[in-house]
Amino acid sequence: MKATRLTHYFIILVAFLLRAVSLAKQSLWRDEIDVIRYSDTPLAQRLAELFVPEHNGPLYYLLIGGWRFFIGDSEFSLRFPSVVFGTLTVALGVSLSHRLGYSKRVSTLVAMLIASSPYLIWYNQEAKMYSLLTALILGAFIAYYQALNYSPRPDSNIFSYYKYWAIFVLLTSLSFYLHILSPLMLPVYITIAVIHHNQLRRRWRIWLFSMILLTLPYLPLLIWQFAVVYQTQDTGHSFYPLFTQTILLFQTYSAGLLKPIVPIPIVLFGFLFLAGLTLSPANSEKKQKLSLLYWLIIPILGIYWISLRTPIFEPRYVIYTVPPFYILVALGTEQVRKHSKYIAMFCISLLLLFNLISVQQQQYHILKADFRQTAIHIKQKNKELAIPKTVIMMQMPYLTQTLEYYYQPEQVTWLEGIWTNDGKSESAVAVELADITNCVSGMWLVVSEEKLWDERGLTRAWFNQHAILLDEEQYSGVQVYYYQFENPTQFTLTTSPKPYKNYLPLVISPNNCN
């Protein structure tokens with residue numbers, strides 16, 4: 001027992017190191033900058049946003065605001081809470097395996113899979129709510145399962161029983177305000193109660209009372225979420241058929257964000273998952289396996305159902321379904337071990353090896369839009385080219401604050417790139433760009449996610465036609481150009497671009513020749 005506990009502690013330590021060592025390797029991307037943005041709003045506004053339509057994750061912005069006040073805004077400090085909650089997920093995975101009645105060996109395998117998961121590590125290194133969301137739902141599931149299957153000991157009191165229901169209600173309620181799709185766990189809890197109908201028969205009053213308590217904090221969200229689900233709208237997400245959606249999730253859960261060169265880890269995960277689900281299931285384990293299976297598939301089916309009207313699928317939105325997947329894989333490894341412990345050892349060793357390779361590839365290849373190097377490049381070239389005034393046009397404008405995070409404290413005149421995806425003609429774009437750049441001798445054009453704003457590339461085409469390209473560089477997800485105008489027209493700006501309506505206003509300084 002002591003040796004097993006020490007092993008688990010060691011795995012948790014390794015999990016922390018895998019997440020913390022390269023925490024600042026990737027540049028912050030726009031969703032992480034949004035965390036700064038929204039948590040900078042006044043406290044009263046942040047509290048009000050808990051009930052504002054289409055605000056996803058307002059509770060996280062509220063929590064991270066307090067963290068930033070004491071710790072600061074460095075990449076490491078912004079992402080460190082996710083490391084802590086990601087490491088906690090390993091311990092919770094061990095706890096759940098134990099409470100489901102599985103062996104110490106299975107618990108250890110679960111710990112190793114969660115600790116080395118390239119998919120979980122990626123989001124455990126991101127300043128977003130997904131790490132905390134996974135830990136909360138995992139904790140809520142443990143409390144719920146324990147409450148349903150509670151067996152009082154002779155020395156236990158009534159508090160020992162009710163505390164599990166209280167923890168379940170509290171953690172589940174908090175998860176509602178962390179992510180819009182966390183309520184997809186509600187049908188999971190109902191289904192599990194049906195599976196455990198014998199236990200539910202004895203505890204139906206407290207179960208029903210807990211479910212009613214869950215509806216109270218959820219009602220303010222349900223009012224606008226119900227309307228969103230039943231309104232067809234452009235969410236910026238592509239629609240994925242259920243089969244494609246399932247394949248994407250299985251691939252990311254097995255191999256992380258990067259598709260492996262060889263399909264060995266995907267095939268091996270698939271084999272062990274099926275083995276854990278089907279091979280020689282003992283009667284006493286059927287309910288546990290069904291509970292894990294429904295936890296895995298019901299949220300996926302739920303997000304597909306929503307996407308039939310409003311496409312909203314992203315693999316990270318159901319990241320909380322990863323733990324049951326890994327537990328079933330660990331059970332499959334245990335089933336293989338019953339036939340041959342050497343094959344089982346080979347399988348788990350191979351999985352861990354591929355996990356670590358994938359983690360290394362994710363951490364040491366720049367995958368996010370690299371605005372850090374973009375800012376460094378602009379600063380260096382400003383000195384080399386002796387540019388007296390820095391003017392930067394962002395394409396797309398929503399990314400202005402991402403570059404500004406790295407460019408501070410330098411003084412910059414920020415300009416918005418023109419929205420052309422509304423069918424705007426080339427001549428109309430030309431008039432607007434001539435107006436915006438009317439008294440600029442030289443400027444930077446920073447392009448990222450261009451198709452979301454200027455799919456036809458009309459802005460770059462206009463610059464190439466009307467200005468001289470003096471510098472060009474490309475980084476991961478970002479292209480940087482410096483253009484010089486030979487004869488800038490000397491008159492003041494008559495129109496200025498408007499901030500994109502769906503986002504917070506950007507700080508725009510129009511060019512004025514005076």
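Since every read-out is calculated from the coordinates, none of them should be taken as a lab result. As the structure is a prediction and not an experimental result, all values here were calculated from the model. All Cβ positions, even for glycine, are placed from backbone atoms using ideal geometry, and neighbour counts span all protein chains on display.
For a quick check of your reading of the filter: which trypsin sites (Lys or Arg not before Pro) in region 260-354 sit in a DSSP loop and have no more than 15 other Cβ atoms within 10 Å? Before the final figure, lay out the partial values.
Working: sites: K286, K287, K289, R309, R316, R337, K338, K341; in loops: R309.
Sites meeting the loop and neighbour criteria: R309.
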Q. What is the chain's relative contact order, in percent, from Cα pairs under 8 angstrom and six or more apart in sequence?
A. 15 percent
Q: For region 371-484, just the Cα set please: Rg and Dmax, both in angstrom.
A: 13.3, 39
Q) Tell me, F313, F271, F209, F70 in order of fewest to most beta-carbon neighbours within 10 Å? A) F70, F209, F271, F313
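Using the structure shown, list the pairs from K128/K163; K128/K368; K25/K383; K25/K368; K368/K424; K259/K338 with a Cα-Cα distance above 21 Å, or answer none. Provide the component values of the computation, followed by the final result.
Values: K128/K163 29 Å; K128/K368 14 Å; K25/K383 26 Å; K25/K368 10 Å; K368/K424 30 Å; K259/K338 31 Å.
With Cα atoms farther than 21 Å apart: K128/K163; K25/K383; K368/K424; K259/K338.
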Q) Going by the alpha-carbon gyration tensor, a ≥ b ≥ c the square roots of its eigenvalues, is region 2-364 rounded (a/c under 1.5) or, if a/c is not under 1.5, prolate (a/b greater than b/c) versus oblate? A) rounded
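Starting with the fewest neighbours, write out I36, I264, I319 ranked by other beta-carbon atoms found within 10 Å of each beta-carbon. Walk me through the numbers before you get to the answer.
On the way: I36 19, I264 14, I319 26.
In order of increasing Cβ crowding within 10 Å: I264, I36, I319.
For n ≥ 4 DSSP H runs only, could you compute -39500 (n - 2.57) per run for the chain, divide by its residues and tell me the 222 nm figure to the nearest 500? Intermediate values should be presented prior to the final figure.
On the way: 20 runs with 310 residues, N = 514.
-20000 deg cm²/dmol, from helical runs alone.
As a footprinting exposure proxy, order R372, R5, R205, R456 by other Cβ within 10 Å, with the fewest listed first. If you can, show how the numbers build up before the last one.
Values: R372 22, R5 11, R205 8, R456 15.
The order, fewest Cβ neighbours first, is R205, R5, R456, R372.
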Q) Using Cα atoms only, what is the angle between the long axis of helix 371-384 and the major principal axis of the chain, expressed in degrees (0 to 90) to the nearest 10? A) 20 degrees
(Q) For the chain, take the longest principal axis of its alpha carbons; what is the angle in degrees between that and the long axis of helix 75-99, to the nearest 10 within 0 to 90? (A) 20 degrees
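Classify region 90-178 as rounded, prolate or oblate, taking a ≥ b ≥ c as the square roots of the eigenvalues of its Cα gyration tensor: rounded when a/c is under 1.5, otherwise prolate if a/b is larger than b/c and oblate if not. Show your work: numbers first, answer last.
Values: a/c = 3.71, a/b = 1.37, b/c = 2.70.
In terms of gyration-tensor shape, oblate.
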